[in-house]
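A short write-up of the structure that comes next.
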Amino acid sequence: MANFGELVLVIGDLHMPQRAADIPAKFKKMLVPNKMQHVLCTGNLTTRESHDMLRNLAPNVHVVRGDFDDQQNLPEQKTVMIGAFKIGLLHGHQVVPWGSLSALAMKARALDCDILISGHTHESAVTRKDGIWYINPGSVTGAYSPTGGGDVPSFILLAVQGEKVVCYCYKYNEAKDSVEVSKTEFSKGE
Amino acid sequence: MSAQEEQIKYLTEATKKVKEHAFYMKRAIDANDLDTTLSLAADMLRELKTSLLTPRNYYELYMSVLDSLRHVEDFFASLNAAGTPVVEIYEKVQHCANVVPRLYLLIAVGGVYIKSGEAPAKDILKDLIEMVKCVQYPTRGLFLRNYLSQTSRDKLPDTGSEYEGVGGNVKDAYEFVLQNFSEMNRLWVRLQHMGGDKSTRKKREKERQDLKILVGTNLVRLSQLQGVDTDCYRDVILPEILKNVVECKDTISQGYLMDCVIQVFPDEFHLATLETFLTTCTKLKEKVNIRTILQSMMNRLSLFGEGEGRIPPDLDAFRLFNDCITKILEERSNLDLAEILRLQTSLMQFALKCYPGRLDYVNYCLGMCASVLSATKSESLDETSVAEVEELLSIPLSSLALQVLDLQQYSELLTYLPYENRRQVATILVRSTLFSGGSLDSVEKLEKLFKAITPLIKDDEKESSGAPEKDEADEAALAEFKEEQTLVARLVHMMKSPDTDVQFKILSMTRKHFGQGGVKRIGHTLPPLVFAGLKLAHKVKKRELDAVKVQNKLKALKEKQEKIEQERKERQAKKAADPEYEPPGPLEDIVMPDESAIPKPPATSCRKVFQFLHEIVTAMAVSYPDLSLKLFLQSAVAADNCKFKAIAYEFMSQAFILYEDELTDSKAQLRALVLMVGTLLSCSNFEKDDYDALITKTTQYAAKLLKKPDQCRMVTLCSHLFFVGSAEDANHYHDPKRVLECLQRALKIADGCMASSAHVHLFVEILNHYLYYFELHNPLIADKYLTGLIALINEHIDSMDHGEQRTEVEGMYRNTLRHIARKKEEEETKEKFKSIVV
Amino acid sequence: MSIFGFGASASLNLTLSPPPSGEFKDIGKPNTVSSTKDGPPPLANDSPEVRKVPIYTGTDKVEGTLSLTLPQGKKLDHLGIKVELIGRVEMFYDRGGVHDFTSLVKEVDAPGTIYDSKEYPLSFDFEKPYESYRGLNVRVRYFLRATLSRNYSGNLTAEKEICVQHITNEPEINNSIKMEVGIEDCLHIEFEYERQKYGLTDVIVGKIFFLLVRIKIKHMELAVIRRESAGSGQNIYNESETLIKYEIMDGAPVRGECIPVRLFLKGVPGELTPTYRNVGNRFSLKYYINLVLVDEEDRRYFKQQEVTLWRKVLG
């Protein structure tokens, strides 16, 4: 197997069982233990089972609290060092207006991070602004969102090699029952 | 000395003697001395006369004797090769006065005899099988015959073998094996009756179990005969075997041999003889576990059915098994209920595997159980039977999932189970339904499902409640309850009718059922229903819009058609008046769409869906205020999205009421407020007055938070409410003054947080907001505020205690300044930022 | 060599021509020597070594030569030379007794003086009514004895043993032995031997049916017994000898079982002879097969049947 460096699963907004029955089977097959070193979860697991599932995937699991998470012990936000990158992680409902990059930029400055990961909108995105990478894994279950996002299950996999990151964005196409992947690469200090 | 030690002693001694004799015997063989060899071989074989050893130890001894007997066999063969006719040796060994050694030697020569071709194989086999009768002692006889079976294995005149022809044919081969089988079975059975009282019975049974393979080997031999085809098996072999099985009247033997038959013979044979086999099953002793035999046969055929083969269509295997079971039930009045249920369960399993399409079979089995159960007088079933019924009802779930609900008997049988067990079955049913991935697309289907899984949906009237009490120490029960409710919740997402009207009916009906679940359940079951409703609302809205579009189009078409009609009439009139009249061109022919093809507006309006949602959330509001508040907010966004300003406002108001009336915990308040702000910013269709009212309230809430830092941050956050959208947006809302007021107020609060040293942190956060609005061109946020704030921060930051907090603040501040610096350099912002003094 | 040291002396020697059958019998030490204290008078030519003795049937002519050997230059006066052929029954029991049932004397030379070694041809043509036999208490012997009578010194004698065997034709009537025996409510069996009369190398073939088995049988055997009855009236001496105990079944059969019997007479140790009904009113010899059932407490149940043995071939 090629050396991808450290693999980081970025996943969130499962909303099971409130908004979705399950993660698509095609995804489940991909999300197996002993492949990833880190899991960064934007929250809204909502149940212990989902939490346990993530914990089985990788040795390092970081979860922040989503707006529908009841677990009081989950942090609102946190930062994690992976490779040369300081990664900020939060659910995103705390940043208003929801999904606004300018607002998120304030958060990125506050967390002093190179990459800011947030969810909540249920729309996966990888964006660069003012030297910061903003990553949104979307909802892995394609959970409903009243703002019009969702419907397309998605997650993101980061391959971190020192100062380089390859970002794979997986989207599930329900009509075709297939998984589509797009790829973005970036380096620190670009 | 214990019996075990005694055994070891006997075995050791006997084995030692065997070795001694064998040693001298081998010398005699080397000296080519037949007479001495025979006499020493007889001495060695005499050790097998012992009655002291248990079957297992006797086997050990037998193996070591056989080991040396091979040399004798080879010696005979070598004598024959050197010119001695085997018949001479064959006669000579019979001079031995002891029967056991004599017969072992006779078999040993017999093998060489057959190989030599001096006499037809069949004649020698017949002689051997006749002579071995002389050993009637069960253990010794069984082993002697095993040696015969082993020696003759490759010397039978089977079809295609080298002994076929003069040596006989397959008939001679199978008759030989069948006879040996029959005699061995008799010896084996007789072992049971070798005296002793009841206490030795168990011991005997164990000994017999140890010996069974010797008997079974004969059946293996039969199955290996090339010349035995299906006809032969059906007409001769199986009837003969079964005759022995029935006639021996022995429980162990019958059980073992029936199973053996199933295991050793090929599927094709079983298919050809199923009826005979099953008829025999009904004739077995009462203590024989017929169920395991039938199960074994059914498994065998199922595997065949699942694999490459197929059960021939003219063989009604299900009926045959069923007839057999019916007969057994008739004749065995002592069968307990659990066993009867197990039989039916096995049959049903068979039907599921071999006749996947035949739900009637499954239903039939269930029906049989139902009638047996209804005939049982006792009010409550015993534990085992309950477990059986539970098993019976669980089995079809994995393959049929929801289809079980089409089985009339299924639900009826469920009623025989106590609440607890019904709950277990229900859990499996829900799991299989989820796993099967089928959609729940009709009200009828759901009605049936809910009936079947009632124990998950509501408490039992009579018995204990399924929902554990809060103060209950039993965490496991609580976890199980949660798990079950999670399953039920997931079920909601399987409810997918393409027709929004049907979908609404489904959700309404589900709501009715879930509503009866009690406070503990609805916290789990209603939220998914809310989200399903929200999803539906968007769909209905789209349908409504589509319908309007179509109606508009249709209206336009009709108008056009009318115009053309008018024109036609005018032209006709002109033509009538003036025959010379030439129309300017042909008239367009409007084809009106088929009425039935026109999409109809939904019977259930979007508004109605929201009303439905309102009811659900309101119902759970008192018990789950925090959750309900969030659901109201979600609904508000959705309603706004569907352009229902009033409804959206109503949802917001409900959320506010909950905030005021139910949320007392400051942390919960903070979390709720954050969401309220986010929600308000996501809505864009409120009437201005309504919006003003809402944001004013929100800001007031923010200012009333318990902790100063929370107040400060929330007020800052609220500033966003006054500056929505860009100036180009049609429904933007800009109130620059209020934004500034919020930020200034926040600064003031922050200034009051010196005690907790949070003020610098807050200053930097507020600075960022100034910066945010500055960039958004809020006319009142001027460069001087930024410059001032930076100076303020510079002033305070150095006085901060060193530590984590300071590092954090410094980082954020550094980033902020770096951002300003960047903006000062960028072409398009350079001008705007140049006046800010850092 | 003369024991008196007079150097070589005259000797008599009997030589038999090969018998018409061409068969000889190996004879070892008489099997009776050890069994009787006051045994038979030692025979001149008895020796422990195996000897080959010609076999004659009852009507065969016995022919041969008597040779008189004289040392060179000697003469011999004699009172006559005769050769006797004697058929004799010897009894060892009680005080014993010898009874010659046949005695035939032939004068081969009249009294006179003989100067040279000389040979006399011999030919005896006579009926030999009984077979040679060596039993426990009884022996039947045939021998030739040559006697040269002299006045002063002792007689010169020579003896020669012959063996007589009678070949019988296949018996015309040879029924099977079939019988049901039993102990009430305990055991009921039926046995069947294919024939009653057997050649000496035949195989006894039969079957045992178990009709009722209530005793715990350990095993079953077939014994071959020879019974020699000598004497008459008050002084009958019966001597039974079990020649072989042949195990024919191991373990206990159940009702309805049928066990095969096969016994090779050839395998019976010791020498089988035909059945002798009556030998010169002196003795008889009969054979029996004895079916024995042994139960777990070593009780024996048996049934004895006489079988008639006859000789098919010499040897």
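The values are calculated or read from the model by the stated rules, or taken from the named source; none is laboratory data. Keep in mind it's a predicted model, so treat the numbers as computed, not measured. Every residue, glycine as well, gets a Cβ built from its backbone with ideal geometry; the counts of neighbours run over all protein chains shown.
Residues of region C:234-258 that are more than 28 Å from the chain's Cα centre (by Cα) and more than 11 Å from chain B (Cβ to nearest Cβ): C:Arg255 alone. Taken over region B:55-104, residues that are of a type in the set (Val, Ile, Thr), within 14 Å of chain C (Cβ to nearest Cβ) and surrounded by fewer than 20 Cβ atoms within 10 Å (Cβ to Cβ) amount to 1. From the list C:Gly270, C:Gly251, C:Gly280, the one residue that fits, being of a type in the set (Gly, Ala, Ser), surrounded by 13 or more Cβ atoms within 10 Å (Cβ to Cβ) and within 30 Å of C:Asp60 (Cα to Cα), is C:Gly280. Filtering region B:747-781 to residues that are under 29 Å from B:His732 (Cα atoms) and out of contact with any helix residue (DSSP H, G or I) (no Cβ under 8 Å at 6 or more places or on another chain) leaves B:Lys748, B:His777. Comparison of C:Lys74, C:Lys61 shows that the only residue that is under 24 Å from C:Gly154 (Cβ atoms) and basic (Lys, Arg) is C:Lys74. When B:Tyr701 is tested against the conditions (1) more than 14 Å from chain A (Cβ to nearest Cβ); (2) modelled with pLDDT under 95, the lone failure is (2). Taken together, the residues in region B:592-629 that are of a type in the set (Gly, Ala, Ser) and under 28 Å from B:Arg521 (Cα atoms) amount to 4.
Where helices (runs of 4 or more DSSP H) sit wholly within region B:10-115, those with at least 1 residues that are under 60 Å from the mean Cα position of the chain (by Cα) and either within 23 Å of B:Cys134 (Cβ to Cβ) or touching a residue at least 12 places away in the same chain (Cβ under 8 Å) (or both) occupy B:34-46, B:55-81. Residue pairs whose Cβ atoms lie under 7 Å apart, separated by 6 or more positions or on different chains, with the first residue in region B:709-725 and more than 14 Å from B:His761 (Cβ to Cβ) and away from chain A (no Cβ under 11 Å) and the second of a type in the set (D, E, K, R) and surrounded by fewer than 24 Cβ atoms within 10 Å (Cβ to Cβ), are B:Val715/B:Arg745; B:Phe722/B:Asp735; B:Phe722/B:Arg738.
Which of the residues belonging to region A:144-177 are assigned to a loop (DSSP other than H, G, I, E, B) and within 23 Å of A:Ile87 (Cβ to Cβ)? The answer is A:Gly149, A:Pro153, A:Gly162, A:Glu163.
Across region A:150-185, the number of residues qualifying as within 14 Å of chain B (Cβ to nearest Cβ) and buried (at least 22 other Cβ atoms within 10 Å of the Cβ) comes to 2. Here region B:637-688 is the region considered, the condition is being away from every other protein chain (no Cβ under 14 Å) and over 29 Å from B:Leu706 (Cα atoms), and the residue that is surrounded by the most Cβ atoms within 10 Å (Cβ to Cβ) is B:Phe686. Working only within region B:266-293, note down all residues that are more than 18 Å from B:Leu315 (Cα to Cα) and part of a loop (DSSP other than H, G, I, E, B). Result: B:Thr282, B:Lys283, B:Leu284, B:Lys285, B:Glu286, B:Lys287, B:Val288, B:Asn289. Residue count for region B:654-669 satisfying the condition of being under 42 Å from the mean Cα position of the chain (by Cα) and outside any helix (DSSP H, G or I): 0. Based on what the data block shows, is A:Asn73 within 25 Å of B:Ser628 (Cα to Cα), modelled with pLDDT under 95 and not in a helix (DSSP H, G or I)? Taking the combined requirement at face value, the residue satisfies it.
Among (1) closer than 29 Å to B:Leu771 by Cβ; (2) within 9 Å of chain B (Cβ to nearest Cβ); (3) not aliphatic (A, V, I, L, M), which single condition is A:Pro146 missing? Here A:Pro146 meets the rest and fails (1).
Would you point out which residue out of B:Leu315, B:Leu335, B:Leu303, B:Leu320 is surrounded by 14 or more Cβ atoms within 10 Å (Cβ to Cβ) and either in contact with a Cys (Cβ under 8 Å, 6 or more places away or on another chain) or part of a helix (DSSP H, G or I) (or both)?
B:Leu320
Only residues that are more than 16 Å from the chain's Cα centre (by Cα), at the interface with chain B (Cβ under 8 Å from one of its Cβ atoms) and within 15 Å of B:Leu817 (Cα to Cα) were counted across region A:94-110, and they come to 4. The set of residues in region B:127-143 being among the hydrophobic types (A, V, I, L, M, F, W, C) and facing chain C (nearest Cβ under 7 Å) consists of B:Met131, B:Cys134, B:Val135. I'd like the full set of residues that are part of a strand (DSSP E or B), surrounded by fewer than 20 Cβ atoms within 10 Å (Cβ to Cβ), out of contact with any Ser or Thr (no Cβ under 6 Å at 6 or more places or on another chain) and not aromatic (Phe, Trp, Tyr), limited to region C:196-212. Hits for region C:196-212 are C:Gly199, C:Val203, C:Val205, C:Lys207, C:Leu211, C:Leu212. Among residues that are assigned to a loop (DSSP other than H, G, I, E, B), modelled with pLDDT of 90 or more and either farther than 24 Å from C:Ile55 by Cα or in contact with a Gly (Cβ under 6 Å, 6 or more places away or on another chain) (or both), C:Asn174 is included.
Results for (1) out of contact with any Gly (no Cβ under 6 Å at 6 or more places or on another chain); (2) assigned to a helix (DSSP H, G or I); (3) under 25 Å from B:Ala727 (Cα atoms), shown as yes or no for each residue.
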position: B:Leu792; (1), (2), (3): yes, yes, no
position: B:Ser799; (1), (2), (3): yes, no, no
position: B:Arg806; (1), (2), (3): yes, yes, no
position: B:Gly811; (1), (2), (3): yes, yes, no
position: B:Thr816; (1), (2), (3): yes, yes, no
position: B:His819; (1), (2), (3): yes, yes, yes
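Quick one: is B:Ile790 surrounded by 12 or more Cβ atoms within 10 Å (Cβ to Cβ), within 30 Å of B:His732 (Cβ to Cβ), assigned by TED's automatic domain parsing to the domain that holds B:Gln744 and within 60 Å of the chain's Cα centre (by Cα)? Criteria not met by B:Ile790.
In region B:144-152, the count of residues that are of a type outside the set (A, V, I, L, M, F, W, C), within 26 Å of B:Met63 (Cβ to Cβ) and within 14 Å of chain C (Cβ to nearest Cβ) is one or more. Applying the condition of being assigned to a loop (DSSP other than H, G, I, E, B) and farther than 12 Å from A:Thr47 by Cβ to region A:6-18 and asking which residue is farthest from the chain's Cα centre (by Cα) yields A:Asp13. You will find that of B:Pro586, B:Pro599, the residue that is modelled with pLDDT under 80 and assigned to a loop (DSSP other than H, G, I, E, B) is B:Pro599 and no other. Output the residue which, of all residues in region B:488-499 that are touching a residue at least 24 places away in the same chain (Cβ under 8 Å) and surrounded by fewer than 22 Cβ atoms within 10 Å (Cβ to Cβ), is nearest to the other protein chains (Cβ to nearest Cβ). Going through the qualifying residues, I end up with B:Arg490. Would you check which residues across region C:130-176 are of a type in the set (A, V, I, L, M, F, W, C) and closer than 30 Å to C:Tyr237 by Cα and list them? Answer for region C:130-176, where residues must be of a type in the set (A, V, I, L, M, F, W, C) and closer than 30 Å to C:Tyr237 by Cα: C:Leu136, C:Val138, C:Val140, C:Phe143, C:Leu144, C:Ile162, C:Cys163, C:Val164, C:Ile167.
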